[in-house]
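The values are calculated or read from the model by the stated rules, or taken from the named source; none is laboratory data. Just so you know, these numbers come straight off a predicted model, no measurement behind them. Here the Cβ positions follow ideal geometry from the backbone for every residue, glycine too, while neighbour counts run over all protein chains shown. Only protein heavy atoms, including side chains, enter the accessible area calculation; ligands, DNA and RNA are left aside. Shrake-Rupley method; radii C 1.70, N 1.55, O 1.52, S 1.80 Å.
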Amino acid sequence: MTKYSSRYASSPEAVKKYDTQQLREEFLIDDLMQEDEVVLVYSHYDRYIAGSAVPVKGDLALETIDPLKAPYFLERREIGIINVGGSGSVVVEGTSYKLGFKDALYIGSGNKEVIFKSADSKNPAKFYINSAPAHTTYPTVKVSLAEANKLELGTMETANHRTVNQMIIGSVVTTCQLQMGMTELRPGSVWNTMPAHVHDRRMEVYFYLDIPENQAVCHFMGQPQETRHIWINNHQAVISPPWSIHSGSGTSNYTFIWGMAGENLDYGDMDVCKITDLR
C-alpha cells in the first residue's frame, strides 16, 4: 500500500507568521516508517520526494503517485535509498541488491520495477527514500557505509564533532541532481551543521535517527535573522527550503541523513551564516 501527501512551497515572509502547529504541518514529516506501507511526501521545493518503505508481512512495490502523472515512479526520476533497519534487499528490474544497516542504493531513471524486501519480518528493513526529477539515466549503484567518502568535522570543544558520510554524491556515484549522505555525531557532541548555512540553489531534507528513547533534537530553520525551531523525534524528517538554515541540537548525540537537489551538484556551494549574526 502507498500513501502520499503534498507540501506546497512557502515564502519566508509567510513563515514569519506561522505558529508552532503551522510550522510543523508545513515542514515536519512525522509519519514515516509505517509497517507494510510506502509513505511518500511530495514537496514543491524542487519537486523533491521523501518517504519510507517498511516491508513486514510481504514485499512492497514502489508505485507511481498521481502528482507524477507518469506510468511508473522512475519514468522521469532518480531515487536514493538508505536502510535504517534490519537487513533487507531492493530488487530493481529483477536484480537484487542487499542492504544492511546504513547501506545506500542509488537507482537511475527508467527502471520500472522496484521491490522492497525484508530478510526477517521480526527485524524488518526500514528503507528511507529520497527522489528528485532526472533527465538522464545513470546506473544503479550500491554504496555501503564503509564505502562512503568520509569527512571529519567539528570538535568536542564546540560540541559538534561529527563524521560526514558522503554516499550518493559526485565523487562516489554519478547522479542527475540527487545527493544523499549520513552524518554521525560523536558521543558528547550535539550540534549538527554549525555554523549554519543556506544554499539558495538547492533545497534539503533532514531525516533524524539513532535518537535514544526519551531524547529529542531541536531543529532550527528559517532565514538567518528570523529563525524558528521544530522539535524532532526518532525517524522523523524536516523539509528545508532553499532560503532556510538547517541545523539542530540534540539532548544526546544522534545521526541524521541529509538529501538535497536543485541547481547544481557542488556540495560546497553554501552561504555560511556567522554564528553571532543568527537571530
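Here are some notes:
- Rounded D (µm²/s) - region 153-279, Kirkwood Rh over Cα pairs, Stokes-Einstein at 25 °C, 0.890 mPa s: 167 µm²/s
- Restricting attention to the chain, close to 90% of DSSP beta bridges with both partner residues there are antiparallel.
- Solvent-accessible area per residue, Å², over the chain with all protein chains present [probe radius 1.4 Å]: 42 Å²
- Share of carbon and sulfur in the accessible area of the chain stands at 48%, probe radius 1.4 Å.
- Three semi-axes describe the equivalent ellipsoid of region 43-100; taken as square roots of 5 times the Cα gyration tensor eigenvalues and ordered largest first, they are 22, 14, 11 Å.
- Region 233-256 residues near the modelled E213 label - backbone nitrogen below 15 Å, point 7 Å along Cα→Cβ: 234
- Separation in nanometres of the label points that stand 7 Å from Cα toward Cβ, at E63 and S96: 2.4 nm
- Scoring 242-253, 150-161, 32-43 by mean Cβ neighbours within 10 Å over their residues and listing the highest first yields 242-253, 32-43, 150-161.
- Debye, to nearest 20: dipole size of the chain, +1 on Lys, Arg Cβ, -1 on Asp, Glu Cβ: 100 debye
- Separation of region 93-140 from region 204-279 is 25 Å, based on Cα centroids.
- The coefficient of translational diffusion for region 1-157, derived via Stokes-Einstein from the alpha carbon Kirkwood radius under 20 °C and 1.002 mPa s, stands at 128 µm²/s.
- Simple Cβ-charge dipole of region 52-93, Lys/Arg +1 and Asp/Glu -1, about Cα centre, in debye nearest 20: 100 debye
- Diffusion constant of region 11-67 at 20 °C, which comes from Stokes-Einstein with the Kirkwood Cα-pair radius and 1.002 mPa s, µm²/s: 160 µm²/s
- 35 Å tail of the calculated P(r), the chain, as % of Cα pairs: 11 percent
- Ellipticity estimate at 222 nm from DSSP helix runs (n ≥ 4, -39,500 (n - 2.57)) divided over the chain, nearest 500: -1000 deg cm²/dmol
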